[in-house]
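The values are calculated or read from the model by the stated rules, or taken from the named source; none is laboratory data. As the structure is a prediction and not an experimental result, all values here were calculated from the model. Note that we place each Cβ from the backbone using ideal geometry, even for glycine, and neighbour counts take in every protein chain shown.
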Amino acid sequence: MIGIVLVSHSARLADGLADMARQITGDEVRVLAAGGGPDGTLGTDGDRIASTIREADSGTGVLVLVDLGSAVLSVRALLADGDLDGVRVILADAPLVEGAIAAAATASIGGDLEEAAASAREAWDVRKL
């Protein structure tokens, strides 16, 4: 089972999206939220992101989806530091909401890390109207 970590500047947004994804996938996929700044404000928290990535990993890797630019920078800094205890991480260039749901659905039917990342990226092309 792969892990999926949702990084948002808003803890409530990340928590709500993680809950939505878990309702769709059940216990088939570990979907965790890493939202908000260190003091519960808007922002990102590198320590929280790192610990959530480690928690999400079951040995098959973790897909990370982010909302805005500095969330990307926070995750890239963690990846550059190599401080994730050997966890294999893919940072997806994907829309947060649609990408998270697509990736979780793919993972729930047995998709591996690369397949879930591809599903998340494909969500860029899903039109609503």
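Here are a few things to note about the model shown:
- Helices (runs of 4 or more DSSP H) lying entirely in region 22-117 (those with 2 or more residues that are in contact (Cβ under 8 Å) with a residue 24 or more places away in the chain and among the polar types (S, T, N, Q)): 69-81
- Residues considered: 84, 13, 32. Of these, the only one that is on the phi < 0 side of the Ramachandran plot, buried (at least 19 other Cβ atoms within 10 Å of the Cβ) and in contact with a Leu (Cβ under 9 Å, 6 or more places away or on another chain) is 32.
- Considering 65, 96, 79, 91, the condition of being of a type outside the set (Asp, Glu), more than 23 Å from residue 12 (Cβ to Cβ) and either touching a strand residue (DSSP E or B) at 6+ places or on another chain (Cβ under 7 Å) or loosely packed, with under 13 Cβ neighbours inside 10 Å (or both) is satisfied by 79 alone.
- Against the list (1) surrounded by 15 or more Cβ atoms within 10 Å (Cβ to Cβ); (2) touching a strand residue (DSSP E or B) at 6+ places or on another chain (Cβ under 7 Å); (3) under 22 Å from residue 1 (Cβ atoms), the condition residue 58 fails is (1).
- Selection of first residues in region 1-17 that are over 19 Å from residue 119 (Cβ atoms) and of second residues that are at pLDDT below 95 and assigned to a helix (DSSP H, G or I), restricted to Cβ pairs under 9 Å at least 6 apart or on distinct chains, gives the following pairs, ordered by first then second residue: 9/70.
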